[in-house]
1. Can you pull out the residues in the stretch 197-224 that are in a helix (DSSP H, G or I) and either β-branched (Val, Ile, Thr) or over 21 Å from ARG184 (Cα atoms) (or both)?
2. ALA125: under 17 Å from ALA308 (Cβ atoms) and part of a loop (DSSP other than H, G, I, E, B), yes or no?
3. If I go through the stretch 232-245 residue by residue, how many of them are out of contact with any strand residue (DSSP E or B) (no Cβ under 9 Å at 6 or more places or on another chain), closer than 15 Å to ASP284 by Cα and of a type in the set (A, V, I, L, M)?
4. Check ALA234, ALA270 and return the single one that is over 30 Å from GLY157 (Cα atoms) and under 17 Å from the mean Cα position of the chain (by Cα).
5. Before we move on, is VAL98 buried (at least 23 other Cβ atoms within 10 Å of the Cβ), among the β-branched types (Val, Ile, Thr) and over 18 Å from the mean Cα position of the chain (by Cα)?
6. Within the set of pairs 6+ apart or on separate chains, which have a first residue in the stretch 53-76 that is more than 27 Å from GLY163 (Cα to Cα), a second that is in a helix (DSSP H, G or I) and among the small types (Gly, Ala, Ser), and C-beta atoms under 8 Å apart?
7. Filter the stretch 155-179 for residues that are within 15 Å of LEU74 (Cβ to Cβ) and exposed (fewer than 14 other Cβ atoms within 10 Å of the Cβ) and give the result.
8. Does the stretch 181-196 contain any residue that is within 25 Å of GLY89 (Cβ to Cβ), of a type in the set (Phe, Trp, Tyr) and in contact (Cβ under 8 Å) with a residue 12 or more places away in the chain?
Amino acid sequence: MAASADQARAVGIDIGGTKMLGVVVDATDPTAVIAEARLATPVGAAALVDGIAELVEVLDPGGSGPVGLGIPGLIDGGDVFRFGANLPGVIDLAVGEVVGTRLGRPVAADNDATCATYAEFRGGAGAGWSDGILLTLGTGIGGGIVVGGLVRHGANGFAGEPGHMLIDPSGPPCPCGRRGCWERYASGSGLGRLGRDAALAGRLDGVVDLAGGEPEGVRGEHVIAAVRAGDHDASLVLDEFVWWVAAGIANLVDLLDPGVVVLGGGVIEAEDVLLPRIEGAVPDQVLARGHRPVVPIVAAHFGERAGAIGAAVLALETAGRPPTQGT
């Protein structure tokens, strides 16, 4: 029996620490976006479910096709969101079941960066590579791992959390409850923190001006804007940020030996400023430089839509099937 028109569509929602981005795709070409909308990410489990339902209704009113959710944190094989440092108040939420019941539609859930990995290695910047890493540099840092052409989830579904690699035990507190996680230095939030530290030390007058005259108001985008305007002090802060980004990537390259590293997330929207610096900094930190191939580092093809597109792909592939543990 052929699927109805609305069943041939899928909704994918990428739930970030600050915003939710949703798309509608067609089953015949799930990487082509039909519609797009976004909402601020609500705080707390009940509000999050309400927000997801609202966004689905905005995107696909009256539809019955599957919905995929990409969520920043640990999702087990039963579509239960166990924990996420950037979603306060949401713990052990059976998000697939709860949202599915609320919507009356099939719902599948996975880690947001894992969803982005599906999209990028299916039809984006990672297409054609059998082994690679995807990193999303946003509010935090997410990741996805591809080995032998398959996205790897690990024994419990929790693989791909590079943002919480411990790189400085005396470093700043992380929302996960520990100190010195990589994402405290190398995410969009990390860039903002480095910029505020420099501003409070009196080194970023131009950046402070962009932030409305308040050092505490400095964010990553202010640093980027100042770099584009030729601000020397802002460039020094960005160089420090890039060093931290490169340090984490080099660790992952040493561990996994990927064929390619794909960078996505909101930070990489500044590809023109960041990517050349990152490409130049990573080889200096990789083991045995000069005795191994240089790993290509490329920007995600689907940009900020990657997680939402990948969530829609996940929904189309799992609709009607019981959830299973990842490979």
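Read the figures in this text as sums done on the coordinates, not as results from a lab. Every value quoted in this text rests on a predicted model; they were computed, and no experiment measured them. With ideal geometry, Cβ positions are generated from the backbone for all residues, glycine too; neighbour counts draw on all protein chains shown.
1. Selection gives ASP205, GLY206, VAL207, VAL208, ASP209, LEU210, VAL223, ILE224.
2. So ALA125 fits the description; yes.
3. 1
4. Answer to the check: ALA270.
5. no
6. If the second residue must be in a helix (DSSP H, G or I) and among the small types (Gly, Ala, Ser), the pairs left are GLY65/ALA315; PRO66/ALA315.
7. Residues satisfying the conditions are ALA155, ASN156, GLY177.
8. yes
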